[in-house]
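The structure appears below as structure tokens.
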Amino acid sequence: MKLLNGVIYCRVSTKEQLEGYSLQYQEKECKLYAERNNINVIRFFIDRGESAKTALRTELQNLLTFVAKNKKSIDILIVHKMDRLSRNVNDTSSIQNFLSKLNIELKSATEGFDSTPGGKFLANILAASAQFDNDVKSERTSKGMIEALKAGRWVHKAPIGYSFKLTLEGKRNLFPDENAIFIKNAFKYFNKGIYKQTEIIEKLKKEGFKNISKQFFNKIIRNSIYAGILFNGLVDEPFKGSFEPIISEEDFYLAQSISSSRNILNKKRLKQNPDFPLRNSIICPYCEKPLTGSWSTGKTKRYAYYHCNTKGCKFGNIRKEKLESIFINTLQSLEPSMEILELFNQIIIDVWDTKQKESLQTIAKLENDVKTLKERKKKIADLVIKGTFDDKTYKDLSNEIDGNIAFKTVQMNELKLDYQDIESCINHCNYFLSNISKLWISSGISLKIKFQNIIFPKGSVYNNGTLKIDNLSTIFRVLKPDIAKKSTLVAHRGLEPLF
């Protein structure tokens, strides 16, 4: 396979994303894509957005200038997703056309289309098909399937070990069949941790489990349905099945824990165990590692605990109910008063008005710059006609101007996209800030984890019956009641809207 040369462009739009994992994740995926496709990466362009001024994206301009000057040595531009180039479809198309003139392909590391005419057509077809599919699914099937999942009934093909039968209510549901014993034994052998996978497969075959392979065995071990836990792309969180599970939840999560060392585990699902929403969010005070959670069986019933997994750590454990009660009380203590919110809202509006004025001035300047560039391109074309420039010089200069025009057009449209109904946004934020404890309690596992990451981006340390709140995100640190009382709430860098 011919070795191709490529450049990578990554972008995050806010400082918060920069401090998190978004940028590193983009770079990693783009590098992996390059390795898989035999692409030699000769340069990285990374835009780290922090404010309206830096959101003008110097690195995008540098990228367009670089590829225009080095078009003969560049074959491909790699992005994590197409929207990393722009939030505007027309702008993305403009950049694609510019790259096409340079014979440079635009590749997405996570999406199955490129910058060729066929790729553009496919992208449009995929978008239209997805929209049509969503509309049809919403109107005819999705609602019924979602309701079935919420009721605990599986809506797709029955996995081996289960068969569909009608319940007494006349609803189709899963029932363990003659293969259920093999599924149960598969988890039993695997969780002992003493057998190789090949040995388990051989034991199951001797017991009568036909046509089992390594790949099939891995699917069985990862399938949460056997524990009565339903995951599906139609919903954002798992639901408990209304059918008889073949194995216990403890056996399933133990299997995931064991298989994680063998690169089998689907990490996203393990992190979202609805029984332990605070797992990985609360930090051990001794070893500074995230707490995990598990069930313990007593003489008469089962008990849920959060505990530290570090060997030899003296933390011990804490009852699930106690830690979650402390967490809820902590959230309540962070909810700002109406007086603080009203003052904060006025500051936001004042800062927003100032930024809007700056944006209007910047848009006007960019519009003038684009007009000047187009006039310059026209003058160069006139010089070609007069014989002052040859065709090669014209193409090089024209490509450079086209790149600058595309870049400045993106800048303009991104600034225009930021005009919103600020009052509606503030009202929405006020409701969230004033009700974080209630919202957390009533939310599903996915939203709970999102709330925790928003409020405590680096986690919160538990110690002696309390949670430390020195790792709060900026907004909650500023509006924290005891701090706000001591402060005049003067707007600072952390409160400015980020474009």
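The values are calculated or read from the model by the stated rules, or taken from the named source; none is laboratory data. The structure displayed is predicted, hence computed values, not measured ones. In this analysis, Cβ positions are derived from the backbone assuming ideal geometry, glycine residues included, and neighbour counts consider all displayed protein chains.
Annotation: E400 fulfils all but one of (1) at pLDDT 80 or above; (2) surrounded by 18 or more Cβ atoms within 10 Å (Cβ to Cβ); the unmet one is (2). Filtered by the rule that a residue be in contact with a strand residue (DSSP E or B) (Cβ under 7 Å, 6 or more places away or on another chain) and either among the β-branched types (V, I, T) or farther than 20 Å from H307 by Cα (or both), segment 450-483 gives V461, I469, N471. When F231 is tested against the conditions (1) surrounded by 15 or more Cβ atoms within 10 Å (Cβ to Cβ); (2) modelled with pLDDT of 85 or more, the lone failure is (2). Entry remark, segment 431-467: residues being among the small types (G, A, S) and out of contact with any Leu (no Cβ under 8 Å at 6 or more places or on another chain) number 6 in total. Under the condition of being at pLDDT 85 or above and surrounded by 16 or more Cβ atoms within 10 Å (Cβ to Cβ), the residues counted in segment 256-280 number 5. Out of curiosity, is F252 buried (at least 20 other Cβ atoms within 10 Å of the Cβ), among the hydrophobic types (A, V, I, L, M, F, W, C) and at pLDDT below 85? No: the conditions fail for F252.
On inspection, F315 passes the criterion of being closer than 23 Å to N464 by Cα and either within 36 Å of the chain's Cα centre (by Cα) or in the same structural domain as S460 (by TED's automatic domain parsing) (or both). Contact annotation: residue pairs with Cβ atoms under 7 Å, 6 or more positions apart or on different chains, pairing a residue in segment 444-459 that is among the charged types (D, E, K, R) with a partner that is surrounded by 15 or more Cβ atoms within 10 Å (Cβ to Cβ), are K448/P277; K448/W440; K458/N471. When F344 is tested against the conditions (1) surrounded by 15 or more Cβ atoms within 10 Å (Cβ to Cβ); (2) closer than 23 Å to N273 by Cα; (3) aromatic (F, W, Y), the lone failure is (2). The set of residues from segment 61-85 being within 21 Å of Q411 (Cβ to Cβ) and among the aliphatic types (A, V, I, L, M) comprises L63, L64, V67, A68, L77, V79, M82, L85.
Checked against (1) farther than 24 Å from D251 by Cα; (2) at pLDDT below 85, R172 passes all but a single condition, namely (2). Could you check, for segment 362-373, whether at least one of its residues is surrounded by 13 or more Cβ atoms within 10 Å (Cβ to Cβ), of a type in the set (D, E) and over 26 Å from I104 (Cα atoms)? Yes; the residues of segment 362-373 include at least one that is surrounded by 13 or more Cβ atoms within 10 Å (Cβ to Cβ), of a type in the set (D, E) and over 26 Å from I104 (Cα atoms).
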